[in-house]
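As structure tokens, the structure follows; a few thoughts come after it.
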Amino acid sequence: MKTTFTCTFFANRIDYNGKAYKDHFISKKAQRIAERMAKARGFTTAKEIQLEKEERLSRQIIDAHKKIMPHNPRNIFEYVEMMQQFGIHSMIKQASDGKVVGLKFRIGKESIKASSVDRSFSAARLQKAIQQNFVYHNRYKNRYTKNTIQPRKNKFRI
């Protein structure tokens with residue numbers, strides 16, 4: 001069983017003269033101070049846990065992606081079906097006109113945005129890569145597997 005330690009701080013923004021301290025970027029300042037305190041005491045910070053999770057999930061997703069792309073998925077929906085074979089469930093976010101605008105991967109109970117895996121995994125870039133891969137491989141197959149009829153050259157010059 002993993003034990004967690006939570007530390008809560010209460011701070012007052014009013015000084016001894018009754019004036020309020022400036023609160024510009026107070027949440028960022030508090031976050032940085034809490035992170036420094038956690039590191040000083042040897043605690044694992046939320047940022048470190050998040051980075052470890054992203055690295056672990058990213059490796060699994062990239063490995064599955066490399067195995068899927070040679071099979072030439074026709075579109076993002078076929079790509080999502082292929083990812084499920086590797087235990088990676090994908091959630092597609094669509095606009096009201098049906099255009100895919102976002103993608104999220106889920107492995108077990110953990111999830112990660114596709115664009116957090118790598119910049120090339122954003123919905124638009126992934127769709128473009130799938131389309132280019134499909135077109136390239138179909139051209140390659142058509143070039144070497146079909147007997148093409150060459151048009152006759154005209155014997156007469158005009």
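Read-outs: derived from the displayed coordinates by stated rules, not from any lab. Quick caveat, the model's predicted, so the values are computed rather than measured. Ideal geometry is used to build each Cβ from the backbone, glycine not excepted, and the neighbour counts take in all protein chains shown.
The trypsin sites (Lys or Arg not before Pro) of region 20-83 that DSSP puts in a loop, and whose beta carbon has at most 14 other beta carbons within 10 Å, are LYS22, ARG41, ARG74.
Each 10 Å bin, from zero up to the one with the longest distance, holds this percent of the alpha carbon pairs of region 51-145: 16, 49, 26, 8, 1.
A simple packing score, the average count of other Cβ atoms within 10 Å per residue, orders the peptides 107-120, 85-98 as 107-120, 85-98, with the highest score first.
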